1. At least 2 residues that are assigned by TED's automatic domain parsing to the domain that holds Ile123 and under 16 Å from Pro128 (Cα atoms) in each: list the strands (runs of 3 or more DSSP E) lying fully within region 1-93 that qualify.
2. For region 117-124, indicate whether the set of residues that are surrounded by 12 or more Cβ atoms within 10 Å (Cβ to Cβ), polar (S, T, N, Q) and modelled with pLDDT of 75 or more is non-empty.
3. Restricting to region 28-43, name every residue that is under 14 Å from Val119 (Cα atoms) and in contact with a Pro (Cβ under 9 Å, 6 or more places away or on another chain).
4. Quick check on Glu34: is it under 19 Å from Gln122 (Cβ atoms), at pLDDT below 90 and either surrounded by 14 or more Cβ atoms within 10 Å (Cβ to Cβ) or over 19 Å from the mean Cα position of the chain (by Cα) (or both)?
Amino acid sequence: MKKRYVNLQEITVKEPLKVDTEFSDKMLSLPKEEVVASSPFKLYIEISKRAVGYNAKGDVRGSLTLRCGRCDREFFKRLNIEFSYDIMPTSEITEGRINKAELDVKFSDEDVLDLLDVVREQIFLNLPFKPLCDDNCKGIECGEIENTENVDDRWNKLKELKEKLERKEK
């Protein structure tokens, strides 16, 4: 059975909770602008109770098909994300501000942790700001675009302009 929710109050200092589960691509609801497709993502998480709060550590694994921000080609990206952070009650925020030492802390007063949110958060934190098929992608010159039906019309106009300029140079 796939587990989605964890009741944090059931975790004891002596016995950390270990969960191994998987979430389908449909459940993830990833941004369609960048993510063309996704495999199911696997989550392994171990949650330990501390004197105050909890520690969550584990890994998220799966793969994505992304759209290049320069040439609009699709490319494959495998994600293997290891994470570790503390879950602390909001009463632990000092002086009403989060300081630099607390950047790996998630503040929450909830008793239930949604594991789907953990997976989605780790994917979003590891998505490139501007997905590129290759660090040296040259945009429209990167390669021929196979399917021009769903391509932004500006790319086609740039391609036509490039071809005209090449003919003039000859």
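The values are calculated or read from the model by the stated rules, or taken from the named source; none is laboratory data. Given the structure is predicted, the values throughout are model-derived calculations rather than measurements. Backbone-built Cβ (ideal geometry, glycine too); neighbour counts: all protein chains shown.
1. Because the criterion is at least 2 residues that are assigned by TED's automatic domain parsing to the domain that holds Ile123 and under 16 Å from Pro128 (Cα atoms), the strands (runs of 3 or more DSSP E) in region 1-93 that meet it are 35-38, 54-67, 74-88.
2. Yes, some residue in region 117-124 is surrounded by 12 or more Cβ atoms within 10 Å (Cβ to Cβ), polar (S, T, N, Q) and modelled with pLDDT of 75 or more.
3. Leu28
4. Spelling it out, Glu34 is indeed under 19 Å from Gln122 (Cβ atoms), at pLDDT below 90 and either surrounded by 14 or more Cβ atoms within 10 Å (Cβ to Cβ) or over 19 Å from the mean Cα position of the chain (by Cα) (or both).
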